[in-house]
Every structure is written in structure tokens, then in C-alpha cells.
Amino acid sequence: MELRYKSTRDSELRVSASEAILKGLAPDGGLFVPEKMPVLDVPAEALKDMTYQETAYAVMKQFLTDFTEEELKDCISGAYDSKFDTEEIAPLVKVGETYFLELFHGATIAFKDMALSILPHLMTAAAKKNHVEDEIVILTATSGDTGKAALAGFADVEGTRIIVFYPKNGVSPVQELQMTTQKGSNVDVVAIHGNFDDAQSGVKAIFEDRQLAEELGEKGYQFSSANSINIGRLVPQVVYYVYAYAKLLANEEIENGEEINVVVPTGNFGNILAAYYAKQMGLPIGKLICASNENKVLFDFFRTGTYDRNREFVLTSSPSMDILVSSNLERLIYLITGEDSGKTKELMEGLKGNGSYSITEEMTAKLGDFEAGFATEEETRDCIRSIYQETGYVTDTHTAVAAHVCGQYRGKSGDSGKCVVVSTASPYKFAKSVMTAIDGKYKTEEDLALLEELRAVSGIEMPQAVKDLLNAEALHTLECDSKQMQNMVKSLLNM
Ligand SMILES: *Cc1c(COP(=O)(O)O)cnc(C)c1O
């Protein structure tokens, strides 16, 4: 049976999975959600022996029902190949009592590769299936990692162009260099004067501009998104939760059916929402623990029922989580309203207008699967150092935020369930923050000057992605004000 997608702001609308991927965002500004949550129909006994690619097929076929078996398997094998530096794709590493699910073994060494290495394949298959002749223009706002992963995925993919906007002073030096050195005849990278939220709302405004969409159509272009608002990014992210569970079973760390907790360093709420989808499909997940940095808008939301972005935007050492408007929360809000698109729309308009909204007690009662915590900058540093001193394992700053929150949760809840901490980036991406946390003496060094030290300390081989940067040439120097993004897009497309 075909699974169709509806908009969080209009339950009447129905599109196929491939149409939802092509569009990115619903025309009413809502996000696409499956009309009904599919069920994981593979027994744990079978999952246990599956490769990452086989697991990906078992999960994704339940969501992307209008793709044929051959199409989907081609997408999967094209994505999860030797671009990853390990055949496991997403290794689960036990460190002390905690399991780290390492999602940074892809081409750009952050977890965005897990979805963005397959999205271009899904997008081109979807375009064929829907007889799209237009060139697809991928517009992306990035807090640092999505941008590079999307650029790497879409570079020189026929029938597509990609334009990435990043906050000029809001990404790490390695992240910036990764983007500005990207090759490809169809790629553009623009630094904006503003923060990630400015970039994201600028991109959303461009998507919602009907007149621009018409002008674009006349020129033979249509927009789509590589941000996690695209359901084509969320679905591949469900896979690694299933894979991690199967690995725990295979390694005899858990009994079949035993619930595990997952701790997710959160920004736009995409990764943790994928875990929630996995749970809804039937995967035995106990608590979903949302970890924030000092931009703790989600922590406050889970504690008080009020989402309030009216606060100072803090630049932290975990820049990919420096976000005050977590787009994917809308999909969770929609579920806890009882799939009421009118109510969801009202709340989201409150967010746009006043910067805040509050949910009802009835809705709050449906959030029992979630826990939340946050780490200050000091706690993040302390966590990196103490894990290193106790075990020799080196985590990046984002993963450390989650590891800190994991410890906090264990301490206060007394819950002895197994915890999987989602590791979202390689420490090489944030070399200076990581090395300074381990030893204050590195404080005055530059990121790139610390790579060799990091190798010596961590024993992790320098990833190819980092080696490539050392000699690469910066190709992109465009900058614009966050209010000028639409004009920038038009000029890049010669409109
Ligand atoms: C994007 C990102 C996050 C946040 O993930 P969301 O899906 O936006 O919540 C966390 N850590 C790293 C390293 C990231 O790149």
C-alpha cells in the first residue's frame, strides 16, 4: 500500500514520497509528514545480521513506497560505499558504560553525511519518476555541517544546482574552509552577515515566495531543500537507530526487546526526531534525551511547555547546535496536537510573529518519551577532558554536550538502561576546541596547527577530508546581508 505524505499545516494535502522529496517544503510552509507511521516489519533476529545497506533498505522501503526495490537499492548502494572510511558505515563504540554511535565516517566527517550522501540519489530518482524537466535548485542554510555535506553530495549531479548560505562568523575554521574550497560546476557558497536562524528564515522566505516560484518556473528552475525539513533527509536518519539497536543485540549487550535510551546533541531537532520515528515504528527505545548547548531553547521548552526564541543567540564551541528556531520540532508539535494542522499552524504563526508559543497540558502529557538537558561551555570542556583522561577516547564538542547530558540524566533519574550517545562529528572538525579542552596550553594555537597534535593525542588517523583541506584553494568568496539572500539567488541564477 502506498504511504502518502501530508503537510503539518494542511491535513487535506496529499503527495507521494517522491513528490515530498522534490518539493522539500509544503506550499503552505508546513513540513511533510507520513500520513501514518509505518511499522518495522523485520524481526530483531534478522536485523541482527544485516549490513548497514540491508538495514537501510528494510527501513526506507516502509517510508518511500513509490520507489521501486531497484531504485531504492541503487540509491542505497550509491550512497553508502567507499566514501565512508569504514564498512560498518556507523560503528557503535563502547566507552566505559556508554555506547557512542559514530556517525562521522562519511566524506565530510559529520553526521549530515548519513542523509546527504543519499539525498541526491533520491532526488534524481524522484525527478525521473515525476518527469521533472526543470533544473532543481537546492537552497540550503547551514550552521556548518549541512552545507559541506550537501555540497559534496550534489556537486556535479546532473540536473541540479546548489546554493549554500552560512553565517559568516558562526562556523568553525575547518567547516568554513571545507565549504569555500568545494569544487563543482553547479555549486555556490555564500557567507551571510547574520546567524544561522537568519540564514534559515531567509531560505524559508524564498521558498514561500509564490511569485518567485513562478519566475523560476519560466526560467526552467524549481527549488528544493537539503535541510532536514526535507523528509528525504529524515528517513535515512531513522536507519542508524535501527542499526545501532541491532548491533547491541548482535554484541549481546542487550536482550531482545530491551529498551535503550538515546542521547542526541540537538540543533534543528532532525536527528532526535528520526529517533522518535524509529521508536514509533516499533524500535524499543525508552527515553529520547535531547541535549542542547547554551542555546537551550529546547531544554526550556520541554521543562515549561513554552517555546521562546526571544533570547540572546550564543556563539558556542558546538556551532552546529547554535540554533534558536528548531524547524523539525514542528513535526513533533503536529503529532502531539493529535495531527491537528489548524492548531499546528496557529502555534507556528505565533513563533513567527511573537517568537514564542505555549502548548496545552494535554499536549505536554504526550511528551513523556522525551527528557532534556543542556551543557554549558565549561561543562562541555570538562566532559571532553574527563572522558579522555578516563578512557583515552576523544569526542568532538557536540558529542561532548550529549555525553554530559547523558551523565546528568543517569545521575538524576537512577535509570540504569543502556544509553547510546549519538556522536555527530569527528573531533578533527573542531580541533582547537577539543585540544584546548584537553589541555589549556593550546588556547593560543590555530585550528589547522593542531591537527597533528590531535592525531598524536587521540590516535585517530587524520581523515581524508581533513588532509584534502590542507592544500585546497578557496574558490568561494561571496558575501551578502541576510536581507539580500533573495537577490543573491536571482543573480546567481541570472534572473
Ligand atoms: C547538525 C548537527 C547537529 C544537530 O542536529 P539536528 O538534526 O539539527 O538536531 C549536531 N551535531 C553536529 C555535529 C551537527 O552537524
Looking only at region 432-449, and only at residues there that are hydrophobic (A, V, I, L, M, F, W, C) and modelled with pLDDT under 95, the one that is nearest to the chain's Cα centre (by Cα): Leu448
Test: residue in region 424-440 that is away from the ligand (no atom under 16 Å from the Cβ) and touching a residue at least 60 places away in the same chain (Cβ under 8 Å): no
Residue among Tyr428, Tyr393 that is among the aromatic types (Phe, Trp, Tyr) and either more than 26 Å from Val187 (Cα to Cα) or surrounded by fewer than 15 Cβ atoms within 10 Å (Cβ to Cβ) (or both): Tyr393
Extreme residue, most open to solvent (accessible area, probe 1.4 Å), among residues of region 261-308 that are of a type in the set (Ser, Thr, Tyr) and over 17 Å from His398 (Cβ atoms): Thr304
All positions within region 366-395 that are of a type in the set (Asp, Glu), part of a helix (DSSP H, G or I) and in contact (Cβ under 8 Å) with a residue 40 or more places away in the chain: Glu377, Asp382, Glu390
Any pair with Cβ under 8 angstrom, 6 or more apart, that starts in region 191-217 at a residue that is open to solvent by 50 Å² or more (accessible area, probe 1.4 Å) and ends at one that is among the hydroxyl-bearing types (Ser, Thr, Tyr): His193/Ser482; Asp198/Ser482
Of the criteria (1) open to solvent by 20 Å² or more (accessible area, probe 1.4 Å); (2) within 14 Å of the ligand (Cβ to nearest atom); (3) polar (S, T, N, Q), which one Thr380 fails: (1)
Members of region 314-342 found to be among the small types (Gly, Ala, Ser), more than 9 Å from the ligand (Cβ to nearest atom), open to solvent by less than 30 Å² (accessible area, probe 1.4 Å) and not in a loop (DSSP other than H, G, I, E, B), listed by number: Ser341
Subset of region 107-139 (residues that are among the small types (Gly, Ala, Ser), touching a residue at least 60 places away in the same chain (Cβ under 8 Å) and not in a helix (DSSP H, G or I)): Ala107, Ala110
Enumeration of residues in region 140-173 that are in a strand (DSSP E or B), more than 13 Å from the ligand (Cβ to nearest atom) and crowded, with 23+ Cβ neighbours inside 10 Å: Ile162, Ile163, Val164, Phe165, Pro167
Residue match in region 5-13 (condition: at positive phi, touching a strand residue (DSSP E or B) at 6+ places or on another chain (Cβ under 9 Å) and either outside any helix (DSSP H, G or I) or of a type in the set (S, T, N, Q) (or both)): no
Options Gln280, Gln222, Gln237; residue that is under 27 Å from Lys204 (Cβ atoms), more than 16 Å from the chain's Cα centre (by Cα), touching a residue at least 12 places away in the same chain (Cβ under 8 Å) and part of a helix (DSSP H, G or I): Gln280
Val405 being more than 21 Å from Leu454 (Cα to Cα), within 16 Å of the ligand (Cβ to nearest atom) and outside any loop (DSSP other than H, G, I, E, B): yes
Gly414 surrounded by fewer than 20 Cβ atoms within 10 Å (Cβ to Cβ) and either of a type in the set (Gly, Ala, Ser) or under 24 Å from Gly194 (Cα atoms) (or both): yes
Selection from region 29-50 of residues that are without any contact (Cβ under 8 Å) to a residue 24 or more places away in the chain and either out of contact with any helix residue (DSSP H, G or I) (no Cβ under 6 Å at 6 or more places or on another chain) or part of a strand (DSSP E or B) (or both): Asp41, Pro43, Ala46
Any hit, region 97-106, residues being within 16 Å of the ligand (Cβ to nearest atom), of a type in the set (D, E, K, R) and either in a loop (DSSP other than H, G, I, E, B) or touching a strand residue (DSSP E or B) at 6+ places or on another chain (Cβ under 8 Å) (or both): yes
Output for region 437-450, where each listed residue is of a type in the set (A, V, I, L, M), open to solvent by less than 70 Å² (accessible area, probe 1.4 Å) and farther than 13 Å from Val394 by Cβ: Ala449
Number of positions in region 181-190 that are in contact with a strand residue (DSSP E or B) (Cβ under 6 Å, 6 or more places away or on another chain), surrounded by fewer than 24 Cβ atoms within 10 Å (Cβ to Cβ) and of a type in the set (Val, Ile, Thr): 2
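The values are calculated or read from the model by the stated rules, or taken from the named source; none is laboratory data. These numbers were taken from a predicted model, which means no experiment stands behind them. Because the Cβ atoms are built from the backbone with ideal geometry, glycine has one as well, and the counts that use them run over all protein chains shown. Surface areas here come from the heavy atoms of the whole protein model, side chains and all, with no ligands, DNA or RNA. Shrake-Rupley method; radii C 1.70, N 1.55, O 1.52, S 1.80 Å.
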